Amino acid sequence: MPCCRPSRPFSGLAVLIGLALAGITVLSALALAQSRPAPDHAWRQWGGPNRNFIVNAPGLADAWPEGGPRVIWSRPLGTGHSSILAEDGRLYTMYRKGNGRSRQGPWDAAETVIAMDAATGKTIWEHTYPSALGADFSYGAGPHSTPLLVGDRLFTIGTNKEFFAFDKKTGKVLWSHDLIKDFGAPSLLIRPVVKAGYGCSPIAYRETLICSVGGPGQSVIAFRQADGTVAWKSGDFLTSAAAPILITLGGREQLVVFGGGTVNGLDPGNGGILWSFPHDPGNDLNMNTPLFGPDNILLLSAAYKTGSRALRLRPDTAATPEEMWYSNRVRFMFLSMIGIGDHVYGTSGDLGPSFLTAINIRTGEMAWQHRGIGRASLVHADGKTILLEEDGDLTLAKLTPEGVTVLSQQPKLFDTMSWTAPTLVGTTLYARDREKVVALDVGKPGADAPASVPTGPVVMLSRAANPSDGGRVFRPAVSLAGTWKLDPARSRTGTTAVPVGLMKSGAAQTLHITHAADGTVIVESQINESQSRSYRPGARTTTPVVPTGTITMTSRWDGRTFVSEGAVEAGAAPVPVKETFTIDPEGRLTLAITVGAGDAATSSVLIYAKATTVEPCKAWPTPCK
């Protein structure tokens, strides 16, 4: 399929490093075609300088020698999936001691943050802290989150939400939080059967550090980098392991957070939820980083019950996204996908085999699939793409809308599962599996890696440094937002009148409701395989329901009551449904549901109180082990 536009990066967070204004990182959607940006000689965050696995690194080899690229050094490390950061001749990552080849371990009940010499791999400093074995490590032990470098500080978040700020030079702990003990956050993701531990990689914005946390009113928290105090909290949506991104839309920055069943646009200055859209795999396993690119198109992709979806974001501050297309044929599960021009490349598949796949971002059409490369992480530079497959094979290729050209391959660089995205700094590739880390020379013969890496503080600012509104979070006149717990004593549950799509039978014990500034209301439950419900005042919305089918509803405000009417279709004749949401003077939520018509109709009146705490994971509908 021919490419309809000149090739340019499809960027989730385009960061240009090394401008004349030392220490300032400008966030914008800049094309590589702009006048000769300086090469990227640092990798300070998840996804590299642009947070999209595309780097400006000229001088890569067009082919590797027989046997693969030269190994500069190799050293043992440990289990975990944290990527490697690189700056000023040092590398930073996280690991846990244990057996990387077994699904049963053993593993140490501790994790380690490490700084290494980039030239030799030798340890400069380490910090080890207790980290209990409460998560499910059957698919690999944590830590899973990638750290973040900002100025002189290194920030890390461990498997059990152990949050640290370090002096990057010495390893001294500057401040720390236990997000579970200090903030009452859920210990694990709520809906998955396999609860592997915390995986979200934090992002910097101005003087703050933003990451998903979870819990009533705090799906996302912004912490001040200097001392760890809270700048703002926001959101009641289910969380995921996906890394957030910053985008520029209509001259203002937005924080895009891929939640457990939704994607959400937030004001990064105060946490106000500007818009929300459902994208629900049924299990909180939205793990891939969203991509933002040409014409304000946002691409979402996940495995299981979803697939891929493209939204066009409007430049208004709180404008409802427009769905351009949806497809369940392409499922970029959790390893990196990259965008070049109008096409996105990644490995598609979930529980079965995966194939290298190209899709057109504007149409969702699959351009091609290549069956010679399985599930892999990708990093793109100098017109070429390096792919590290989960079985340890390393490939150098050219990806175009017409197909893939394999330039070189090195089989079995690693012996254990390789789920860590590689890091490319200059012409040096740093990669790891669950046992070791290696540095490879991937440059042209005679090309030298930079002798030193530029230094200086990094402050994540926009050009305009848009002011916030003083920390005020947007609230509608009547807000349905909250984490709501059922009051069984006050409720009346009809035989078949259930929250359609959120429960197969009975009443949902907990509802997570997002009420965005654009008026959208999204309701989620904690049931595995449930599907988030979307409502939009003055519009008709269609969302999937459990186990199969759809529900189409038209919504409106009737005074202070939110009314939604429509029908559910699940193979037979459409069944009428009416739902109303009301907040009473005491702050309780009443959800009244009628399903069916005439004598066949059944009804429920469900009363919910706002939750302030999170129950232990053993009490969740899908409990922890």
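The values are calculated or read from the model by the stated rules, or taken from the named source; none is laboratory data. Because the structure is predicted, anything quoted here is derived from the model rather than measured. Glycine gets a Cβ as well: all are built from the backbone with ideal geometry, and neighbour counts include every protein chain shown.
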Q) What tally of residues in region 182-198 results from selecting those that are touching a His at 6+ places or on another chain (Cβ under 8 Å) and surrounded by fewer than 24 Cβ atoms within 10 Å (Cβ to Cβ)? A) 2
Q) So which residues in region 526-576 are part of a strand (DSSP E or B), under 21 Å from T510 (Cα atoms) and out of contact with any Asp or Glu (no Cβ under 6 Å at 6 or more places or on another chain)? A) R533, S534, Y535, T543, P544, I551, T561, F562, V563
**Q.** Selection count, region 559-583, where residues are among the acidic types (D, E) and at pLDDT below 95
**A.** 1
Q: Tell me which residues, restricted to region 358-385, are within 16 Å of D342 (Cβ to Cβ) and of a type in the set (S, T, Y).
A: T363
Q) So which residues in region 177-199 are within 23 Å of the chain's Cα centre (by Cα) and not in a loop (DSSP other than H, G, I, E, B)? A) H177, D178, L179, I180, F183
**Q.** All positions within region 89-106 that are modelled with pLDDT of 95 or more and either buried (at least 22 other Cβ atoms within 10 Å of the Cβ) or under 26 Å from K169 (Cα atoms) (or both)
**A.** G89, R90, L91, Y92, T93, M94, Y95, R96, K97
Q) Taking region 483-497, which residues are surrounded by 20 or more Cβ atoms within 10 Å (Cβ to Cβ), modelled with pLDDT of 90 or more and either assigned to a loop (DSSP other than H, G, I, E, B) or in contact with a Leu (Cβ under 7 Å, 6 or more places away or on another chain) (or both)? A) W484, L486
Q. Considering region 45-76 alone, what residues qualify as being buried (at least 24 other Cβ atoms within 10 Å of the Cβ) and within 20 Å of E126 (Cα to Cα)?
A. Q45
Q. If we keep just the residues of region 301-324 that are in a strand (DSSP E or B), closer than 25 Å to I54 by Cα and without any contact (Cβ under 8 Å) to a residue 40 or more places away in the chain, which is farthest from the chain's Cα centre (by Cα)?
A. R312
(Q) Just to be sure before I move on: is D342 more than 16 Å from S83 (Cα to Cα), touching a residue at least 24 places away in the same chain (Cβ under 8 Å) and touching a helix residue (DSSP H, G or I) at 6+ places or on another chain (Cβ under 9 Å) in the structure I sent? (A) yes
Q | Condition met for Y139 (of a type outside the set (V, I, T), crowded, with 23+ Cβ neighbours inside 10 Å and either within 22 Å of T622 (Cα to Cα) or modelled with pLDDT under 95 (or both)) | A | no
Q: Could you list all residues from region 397-436 that are basic (K, R) and more than 26 Å from the chain's Cα centre (by Cα)?
A: K398, K412
(Q) Kindly evaluate A204 against the criterion of being of a type in the set (A, V, I, L, M), buried (at least 22 other Cβ atoms within 10 Å of the Cβ) and either over 22 Å from D284 (Cβ atoms) or over 19 Å from the mean Cα position of the chain (by Cα) (or both). (A) yes
Q: Pick out the one residue from V500, V438, V473 that is at negative phi, β-branched (V, I, T) and at pLDDT 95 or above.
A: V438
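Here is a list: A497, A489. Which entry is free of Cβ contacts under 8 Å to residues at least 40 places away in the same chain and assigned by TED's automatic domain parsing to the domain that holds T594? Lay out the reasoning, then the answer.
On the way: A497 fails: free of Cβ contacts under 8 Å to residues at least 40 places away in the same chain.
Only one candidate qualifies: A489.
Let's see how each residue does on (1) assigned to a loop (DSSP other than H, G, I, E, B); (2) surrounded by 21 or more Cβ atoms within 10 Å (Cβ to Cβ):
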{"residue": "P353", "(1), (2)": "yes, no"}
{"residue": "G364", "(1), (2)": "yes, no"}
{"residue": "T385", "(1), (2)": "no, yes"}
{"residue": "Q409", "(1), (2)": "no, no"}
{"residue": "F414", "(1), (2)": "yes, yes"}
{"residue": "L424", "(1), (2)": "no, yes"}
{"residue": "L429", "(1), (2)": "no, yes"}
{"residue": "V437", "(1), (2)": "no, yes"}
{"residue": "P445", "(1), (2)": "yes, no"}
